[in-house]
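Structure record follows, encoded as structure tokens.
Values in this text are rule-based calculations from the coordinates and carry no lab data. This one's a predicted model, so the numbers in the text were calculated from it and none came from an experiment. Every residue, glycine as well, gets a Cβ built from its backbone with ideal geometry; the counts of neighbours run over all protein chains shown.
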Amino acid sequence: MAQFIDLYGLIEVILRGLTLVFEAVTVGGIIFLCFCALPEAMDRAVLIRCRKLLRISAMALAVAALGSIAVTTVVLHVTTDGFRWTDVTQTSFCRAELLLVIAAVWIAGAAKIIERHWLVLPALAIITGATLTSHAFARIDNRSLLLFCTGMHHLATAAWIGGLPWLLITLQRSNEQSVWVTTQRFSQLAMTSVVVLVIAGIILGQQYVGSAEGIYGTSYGVMLVAKVVLLALLLVLGATNFRFLRRKAAARPILKTIVKRTVEAETAIGIVVILIASSMTSQPPAVDLTDGRASLSQIIDRFTPHRPRLQTPSVTALAPATPLNADEAKRFGRPLSYALSAQPVYNGAADIAWSEYNHNWAGICLLTVGLLALIAQMRHIRWARHWPLVFLVLAVFIVIRADPENWPLGPRGFWESFQVPDVMQHRLAAALVIAFAIFEWRVRTRRSTQSWHALVFPAICMVGGTLLFIHSHSLGNVKEELLAEVSHTGIAIFAIIAAVTRWLQLRLPQQPPVLGSIWAACFVLIGVLLTFYREA
């Protein structure tokens, strides 16, 4: 149970992210069916498929919301004296989540048999439930304004981003006339949603961030910047499609394929944006975090390039391992004097040097990957196509060096170490890197005959970038946590861009050479960020 409590923060962020994703897809599907999928223009088979997906997404939403209730209830029961299992039903959080569950189950059960307009009411109930679990409900000042703007923000997100999977179904399975009518209507809906999203976002940003210092001086502000950057990328892709849809020629097969592949990329980016929003809800708004902010000069100083650290301190010079329970305290010879998940991390000079060494060498590996990938795109330089194998070196490096308190260097065993959130995330990252290396090397050397193997590259880049957005460091120091967050956020954005450009390069009817240069350059930039990374 102690291990579960220690992982609670990460689990809750993941469940919150899944809830927001399925909320957007479910509500977006209802909006799409009501305003875009006209029965007279839509193939019956496509409508049947849309309703099936609606039932699946609604049930997934109910499961995610129930999971969030269950996890929180267990933690409250274990950590609160006298807490009864039924007491959770008296909390506003539980009531809001139950509203989500009831509305989602209603949609899942009725989507197949009732007219689409009767689904609007439970869709509004879902938006209401989501709003009541947001930062807006917890505010005292301007609560009504914040609740309204948050609800409109969720509704616009569902109509635009949540509607993309439904548009994709239309593009894949409808005839040309249906595609033309439906995409035109969705384009108009999306433009309206963007306007609402921007206006509501500006008002919420003013209330939650408050000043320029809140943007660059807090983790909440940094995540907001990342969200805006990816939304801008979404707008660029959407504008590209809009140009095609303005012409009747958009129904031609070649242009229809281009739009379809671009919508695939938009859908993936949209999901990442929603997951960033879930990560933001786990952090206090910038206006509430006035102490411990990093100044602009401190950020500039931290990211001024310096000579990489190429020598490592000894493991014995690091701070002793922090026990997570009484048994570890006895084995490690250190007292357990702090509550679980609140134990301080002592970062001495050796610990900082160890971390900088890890980041700098990882950067050198990725810089090598990016440069070799650029070279490999030149004809007649066949040896450079083996660049994915460099990732195997990086994966081994991560497993050995990332967590010195744990196996193989530290006193905590292999399986025991999975109770630490950072360790679990680092090992998942290593597994993704290994999969990336193997699949992409086989693709580059033409050892693979399966076309989907090439798609592993963009998929893993997308997953890796998303993990960085929800990855957290319990440093016990708000300023140091922010400075680490800034670096990781930049890396995550470049990873997402690399994933999108590689996906489009593989999926478009023609492969523009510039896309290959973009994703390779993203690896170079990630390598540069890590090579000059420092913590002091």
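Extending each Cα 7 Å along its Cβ direction at Arg44 and Asn325, get the distance between those two points in nm, one decimal.
Each label point is offset 7 Å from its Cα along the Cβ direction, giving 6.0 nm.
Helix-derived [θ] at 222 nm for the chain: sum -39500 (n - 2.57) over DSSP H runs of at least 4, divide by residue count, nearest 500?
Mean residue ellipticity, 222 nm, calculated: -23500 deg cm²/dmol.
So between Leu310 and Trp383, what do we pick up on full extension, going 0.36 nm a residue minus the alpha carbon distance?
23.6 nm
Ranking request for peptides 390-400, 519-529: highest mean number of other beta-carbon atoms within 10 Å first, then the rest in descending order.
519-529, 390-400
Take each complete run of DSSP H in the chain, measure how far its Cα atoms stretch along the helix's own axis, and keep only those covering 24 Å or more with mean Kyte-Doolittle hydropathy at least -0.5; list them.
Length and hydropathy pass: 8-35, 44-79, 92-110, 143-160, 176-208, 219-245, 253-281, 349-376, 421-444, 478-507, 513-531.
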